[in-house]
Amino acid sequence: MSEAIKTDVLIIGAGPCGLFAVFELGLLDMKTHVVDILDKIGGQCAELYPEKPIYDIPGIPMVTGQGLTEALMEQIKPFNPTFHLNEMIQSVEKIGDPLFRVTTDAGKVFETKVVVIAAGGGSFQPKRPPVPGIEAYEGTSVFYAVRKMEQFRDKELLIVGGGDSALDWTLNLHPLARRITLLHRRDDFRAAPHSVEQMRKLVADGKMDLKIGQVTALEGENGVLKGAQIKGADNAMSAISCDTILPFFGLTMKIGPVAEWGVTLENNLIPVGTETFETNVPGIFAIGDINTYPGKLKLILSGFHEGALMAQKASRYVFPEKRVVFQYTTSSSSLQKKLGVN
């Protein structure tokens, strides 16, 4: 187990609500670390609709998901949060009052006085390909994300998919892998045209392989992969030699391991009180689409409001001896100093 990273507040989810929580907590002098299962900051906004217009952010007639994410990142810059992407929280253990030990699926450990769950509708998790017995190879020969590129050096790699993730990793891992085969069910790709063009040049130069079809079976034993059976577009069967597979079949939303953290769930949502948005576990809060209460509206602006009230209560756990004095950023010189305003 790695040495614990100590912080005042750990935020689970790097979407708009999690990002604005950094701001509200920062105004009250709390340091934050933010964990997200995605490989980018912005949550659903960045993953599902980066270019889709949003019309109900107060004071902003129209902004895209990506634009909102960039604006929030600029807003929280004075507080210097630390982000841990491509990681999922696996366990939350209460070890003090208040103190939690939080562990990710990458083995990273945090010790924090406050946990804020801002995970939207849950965590984005990769869709598993419909290949019999694939579970036996997961984590040893089959991976749904690239955490460390060096792990794939000298591998005989089969990458499956036709979107940006599949093409990006094909190009990025090509210099490291012994050989790469890209497999897609049709010779038409959803990825950026420039990426597709680069991939086709590598194929034309004989530096990688492109196959059209689908994986139907895996060959190997004890989690060690030796090859895959492929059914082509013409229904012909063939074998591909590979020792590692990266399937990119998109993402699905799941509640994930939240149910094991001791917080009460109600229809896969977390009930909270509207005074502080604290869960049934003191020191663990839930804001944004993941929570529920009478009159709840699943709007980004509602999550912003929830984050502001959450921060007030969180400060009592982090600074129990300190009296919280409510201030306005428009008139408080101390808040303006924190924000770097001249």
Worksheet, complete the sentence: Condition set of a type in the set (A, V, I, L, M), at pLDDT 95 or above and in contact with a helix residue (DSSP H, G or I) (Cβ under 6 Å, 6 or more places away or on another chain), scope the range 305-335, selection surrounded by the fewest Cβ atoms within 10 Å (Cβ to Cβ): answer is Ala308
Worksheet, complete the sentence: Only one of Asp39, Asp8 is assigned to a loop (DSSP other than H, G, I, E, B) and open to solvent by 10 Å² or more (accessible area, probe 1.4 Å), namely Asp39
Discussion item. Looking at Ala228 and the list (1) closer than 20 Å to Ile11 by Cβ; (2) in contact with a strand residue (DSSP E or B) (Cβ under 7 Å, 6 or more places away or on another chain), which single condition is not satisfied?
Written reply: (1)
Worksheet item: Looking at this structure, is Ile89 modelled with pLDDT of 95 or more, closer than 23 Å to Ala311 by Cβ and among the hydrophobic types (A, V, I, L, M, F, W, C)?
Response: no
Worksheet item: Any idea which residue in the range 188-213 is farthest from the chain's Cα centre (by Cα), counting only those that are within 12 Å of Gly163 (Cα to Cα) and surrounded by fewer than 19 Cβ atoms within 10 Å (Cβ to Cβ)?
Response: Asp188
Worksheet item: Do we find that Gly250 is surrounded by fewer than 15 Cβ atoms within 10 Å (Cβ to Cβ), in contact (Cβ under 8 Å) with a residue 60 or more places away in the chain and touching a Pro at 6+ places or on another chain (Cβ under 8 Å) in this structure?
Response: yes
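Output yes when any residue across the range 196-204 is touching a Lys or Arg at 6+ places or on another chain (Cβ under 8 Å) and either among the basic types (Lys, Arg) or not in a helix (DSSP H, G or I) (or both), and no when none is.
no
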Practice prompt. For residues that are more than 25 Å from the chain's Cα centre (by Cα) and more than 19 Å from Met208 (Cβ to Cβ), scanning just the range 132-180, find the one that is least open to solvent (accessible area, probe 1.4 Å).
Written response: Gly133
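The values are calculated or read from the model by the stated rules, or taken from the named source; none is laboratory data. None of the values given here were measured: they were computed from a predicted structure. As a convention, Cβ positions derive from the backbone with ideal geometry for all residues, glycine included, and neighbour counts pool all protein chains shown. In case anyone asks, the SASA skips ligands and DNA or RNA and just uses the protein heavy atoms, side chains included. Shrake-Rupley method; radii C 1.70, N 1.55, O 1.52, S 1.80 Å.
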